[in-house]
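Scroll down for the structure; my scribbles are underneath it.
The values are calculated or read from the model by the stated rules, or taken from the named source; none is laboratory data. Predicted, not measured: the structure shown is a model, and the values here were computed from it. Note that we place each Cβ from the backbone using ideal geometry, even for glycine, and neighbour counts take in every protein chain shown.
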Amino acid sequence: MTSKLMDYFNKQPRIGVLSTADKDGKVDSAVYGSPQMIDEKTVVVATGKNRTFSNLQENPYAMFLIMEPGAEIMDWKGIRVYMKMKESATSGEMLDMIRSQITKIAGEEAGKMIYATITLEITELRPLIDMGQDWEKSI
């Protein structure tokens with residue numbers, strides 16, 4: 001992966017859609033603003049005690065979709081980031097730090113909702129609209 005990907009992935013403000021599935025394949029998608037790339041192949045997400053967290057405990061695969069409008073009305077940009085969970089934690093320094101940041105940005109109630117951190121490894125990148133181009137050409 002490249003620093004270009006980290007810059008795009010971590011650009012703020014931005015939100016994306018994190019999709020997961022349970023052990024039976026039932027899909028869930030949720031809007032997230034917190035995922036951050038911490039190195040060229042690792043993503044950390046803060047989450048509540050919710051369907052996303054539960055699904056990742058049963059099935060470690062996820063996809064984060066980032067999209068944004070381009071200069072023209074039909075010129076949408078974005079990427080699909082496919083990942084596999086490496087670990088989750090319901091306590092620790094990273095969780096405390098993220099909870100504190102979210103509290104400062106979104107308020108105390110939002111900070112209290114944060115239950116865990118999830119660490120994922122990027123396994124594949126695809127353009128938002130795949131027409132055979134590399135993902136770099138879609139951001």
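So here's what we get for this one:
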| read-out | value |
| --- | --- |
| Matching entry among G107, G70 (being within 24 Å of P127 (Cβ to Cβ), over 13 Å from the mean Cα position of the chain (by Cα) and without any contact (Cβ under 8 Å) to a residue 12 or more places away in the chain) | G70 |
| Residues satisfying the stated conditions in the range 91-104, i.e. surrounded by 17 or more Cβ atoms within 10 Å (Cβ to Cβ), among the β-branched types (V, I, T) and free of Cβ contacts under 8 Å to residues at least 60 places away in the same chain | none |
| Residue satisfying all of: in the range 8-42; in contact with a Phe, Trp or Tyr (Cβ under 9 Å, 6 or more places away or on another chain) and of a type in the set (F, W, Y); surrounded by the most Cβ atoms within 10 Å (Cβ to Cβ) among these | F9 |
| Enumeration of residues in the range 116-133 that are part of a loop (DSSP other than H, G, I, E, B) and over 14 Å from V81 (Cβ atoms) | I129, M131, G132, Q133 |
| Flag if T103 is in contact with a Gly (Cβ under 6 Å, 6 or more places away or on another chain) and at pLDDT below 95 | yes |
| Residues being surrounded by 18 or more Cβ atoms within 10 Å (Cβ to Cβ) and under 17 Å from L65 (Cβ atoms) - total across the range 105-124 | 3 |
| Verdict on S88 being over 16 Å from T42 (Cα atoms), surrounded by 12 or more Cβ atoms within 10 Å (Cβ to Cβ) and touching a Leu at 6+ places or on another chain (Cβ under 8 Å) | no |
| Test: residue in the range 43-61 that is exposed (fewer than 12 other Cβ atoms within 10 Å of the Cβ) and at pLDDT below 95 | no |
| Selection within the range 70-109 - among the small types (G, A, S) and in contact with a Lys or Arg (Cβ under 9 Å, 6 or more places away or on another chain) | G70 |
| Number of positions in the range 1-43 that are farther than 21 Å from L128 by Cα and within 14 Å of the chain's Cα centre (by Cα) | 2 |
| Among (1) farther than 26 Å from T123 by Cα; (2) at pLDDT below 90 - the single one K77 does not satisfy | (1) |
| Search result, residues across the range 110-134 that are more than 14 Å from G48 (Cβ to Cβ) and under 18 Å from the mean Cα position of the chain (by Cα) | T119, L120, E121, I122, T123, E124, L125, R126, P127, L128 |
